[in-house]
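The values are calculated or read from the model by the stated rules, or taken from the named source; none is laboratory data. Here the structure is a predicted model, which means the values were calculated and not measured. Every residue, glycine as well, gets a Cβ built from its backbone with ideal geometry; the counts of neighbours run over all protein chains shown.
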Amino acid sequence: TGYVTYDPGFTNTAQCESKITFIDGDEGVLLYRGYPIEQLAGKSTFLEVAYLLIHGHLPTVDEHDGFVERVNRHTLVHEDFRTFMGTFPRTSHPMAVMSSAVSALATFYPESLDPYSEETVELATVLLLAKARTITSYLHRRRVGEPLLYPDYSRGYVDDFLRMTFAVPYEQYEANPILVHALDQLLILHADHEQNCSASVVRITGSSHANLYASVSAGISALSGPLHGGANESVLRMLTSIQQNDGDVKKFISRVKNKEAGVRLMGFGHRVYKNYDPRAAIVKDQAHAVLSILGIDDPLLAIAMELEEIALSDDYFVQRRLYPNVDFYTGIIYRAMGFEPAMFTPLFALGRMPGWIAQWREMMLDPKTKIGRPRQIYTGSPVRDYVPLDER
Ligand code: CMC
């Protein structure tokens, strides 16, 4: 009934007002709560940025230390939760396991489900940030057949995440500080991106007052698709397949331009950025720095750079204003750190947790929020009479 606007893909529809993240896609600007992404990635830490996104201001020393301490304290998972995660086939895609695991947190922590209590929502926030880290490291451990390790409360979030992911049981492990810093930066770069596909899914799921875990689990499922977070894994597979085809970058580009079914230049293009994605610029520099410090000569980096160079001077990409996005160079860094491609999107999800939580909380507190319920343009059959089976 009434007037309905047709806007496939919501290219021109705002579903909320938000104070969290600002993007200027023409200028390549990204701000979290007003702070430029370049400054946060250069100077802040992931948990501080999480606090900023969720609470709206940079924490004081006391707020910061209290938050870090609370997240650290909840890192351990219930033994039955570990068993639950261990029931999925070892070869499962980790994104499917991750969304199930986050959804299952509601069954283990029923005391954190009340969406109307500030205290309970804060508990769910801390639990989710803490358990997400343990879940992500276990996703890797399960795939390689290693046991889940206990957290070490004396270490930082990223430092202990790398230890829990890569340490050999009973052996001393010191994460390379360069990798700790690089991963911290990558998580910050992924921490929020206003009303993207998964954030919108989190909001619309939560608009029915579904709990935080259910809403974020839905967001993880949305993120898994190759046009969204799944792009980082697809980029690496694309680069590998070009390498296996004699490194013929031009041939691949012409397949993209001919719009062969399913062939896109993954890690390129963005709904909002019609200029260089500021996150991609940081990740590109970081890829060079990390590889050179580790002394790794990855042929896939050379292929990626050649692809970028050709694409940026090709009319097809120029006219459509397609630039590298955040997913283009991240896989090369994750690979250098020792992650396999299937783990790339879970790492994106780990980084995006604060954003999803902040979006869900803002949505719950906004008195203007209504249950998400888009309309449609019906194009099906007009009314008709049922025909019994034996008369058809
Ligand atoms: N390769 C080749 N052509 C492309 C690409 C690409 N990566 N992206 C867009 N195009 C073309 C598209 O075919 C269309 O051409 P035409 O006008 O001739 O039909 C035009 O550009 C506009 O594309 P669109 O699909 O209408 O744009 P969109 O805003 O709906 O899609 C996108 C945005 C990110 C889904 C898309 O650019 C894409 O599929 N990129 C590859 C996947 C990717 O890297 N996703 C990660 C996005 S960034 C972070 C994240 O969410 O993970």
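Checked against (1) within 11 Å of the ligand (Cβ to nearest atom); (2) of a type outside the set (A, V, I, L, M, F, W, C); (3) over 18 Å from the mean Cα position of the chain (by Cα), residue 241 meets all criteria but (1). Identify, please: which residue in segment 171-211 is in contact with a Lys or Arg (Cβ under 6 Å, 6 or more places away or on another chain) and assigned to a helix (DSSP H, G or I) and is, among those, nearest to residue 131 (Cα to Cα)? Filtering segment 171-211 for residues that are in contact with a Lys or Arg (Cβ under 6 Å, 6 or more places away or on another chain) and assigned to a helix (DSSP H, G or I), the one nearest to residue 131 (Cα to Cα) comes out as 190.
Taking residue 297, is it acidic (Asp, Glu), farther than 25 Å from residue 23 by Cβ, surrounded by fewer than 22 Cβ atoms within 10 Å (Cβ to Cβ) and touching a Lys or Arg at 6+ places or on another chain (Cβ under 9 Å)?
It is false that residue 297 is acidic (Asp, Glu), farther than 25 Å from residue 23 by Cβ, surrounded by fewer than 22 Cβ atoms within 10 Å (Cβ to Cβ) and touching a Lys or Arg at 6+ places or on another chain (Cβ under 9 Å).
Selection of segment 12-39 for residues being touching a Phe, Trp or Tyr at 6+ places or on another chain (Cβ under 6 Å) and in contact (Cβ under 8 Å) with a residue 24 or more places away in the chain yields 21, 25, 28. In segment 229-236 there is at least one residue matching the filter, namely being charged (D, E, K, R), buried (at least 17 other Cβ atoms within 10 Å of the Cβ) and within 12 Å of the ligand (Cβ to nearest atom). Set side by side, the residues 293, 332 differ, and just one is touching a residue at least 40 places away in the same chain (Cβ under 8 Å) and more than 15 Å from the ligand (Cβ to nearest atom), which is 293. Based on this model, can you work out whether residue 214 counts as in a helix (DSSP H, G or I) and either within 16 Å of the ligand (Cβ to nearest atom) or at pLDDT below 95 (or both)? In short, no. Quick one: is residue 301 in contact with a Phe, Trp or Tyr (Cβ under 9 Å, 6 or more places away or on another chain), of a type outside the set (Val, Ile, Thr), at pLDDT below 95 and assigned to a helix (DSSP H, G or I)? It is true that residue 301 is in contact with a Phe, Trp or Tyr (Cβ under 9 Å, 6 or more places away or on another chain), of a type outside the set (Val, Ile, Thr), at pLDDT below 95 and assigned to a helix (DSSP H, G or I). Report whether or not residue 277 is acidic (Asp, Glu) and within 12 Å of the ligand (Cβ to nearest atom). Judged against the criteria, residue 277 is a match. Taking segment 253-267 as the search range and keeping residues that are part of a helix (DSSP H, G or I), within 11 Å of the ligand (Cβ to nearest atom) and not β-branched (Val, Ile, Thr), which one is surrounded by the fewest Cβ atoms within 10 Å (Cβ to Cβ)? Of everything passing the filter in segment 253-267, 255 is surrounded by the fewest Cβ atoms within 10 Å (Cβ to Cβ).
Would you confirm whether or not segment 186-194 contains a residue that is within 20 Å of residue 374 (Cα to Cα) and either assigned by TED's automatic domain parsing to the domain that holds residue 273 or at pLDDT 95 or above (or both)?
As a first pass, look at segment 186-194 and keep what is within 20 Å of residue 374 (Cα to Cα): 194.
This time we only want the ones that are either assigned by TED's automatic domain parsing to the domain that holds residue 273 or at pLDDT 95 or above (or both), so: 194.
Within segment 186-194, one or more residues are within 20 Å of residue 374 (Cα to Cα) and either assigned by TED's automatic domain parsing to the domain that holds residue 273 or at pLDDT 95 or above (or both).
Counted as qualifying within segment 71-170 are the helices (runs of 4 or more DSSP H) with 3 or more residues that are in contact (Cβ under 8 Å) with a residue 60 or more places away in the chain, namely 94-108, 118-144, 157-166.
Looking at residue 191, is it out of contact with any Asp or Glu (no Cβ under 9 Å at 6 or more places or on another chain), of a type in the set (A, V, I, L, M, F, W, C) and either away from the ligand (no atom under 14 Å from the Cβ) or without any contact (Cβ under 8 Å) to a residue 24 or more places away in the chain (or both)? No; evaluated as a whole, the condition is false for this residue.
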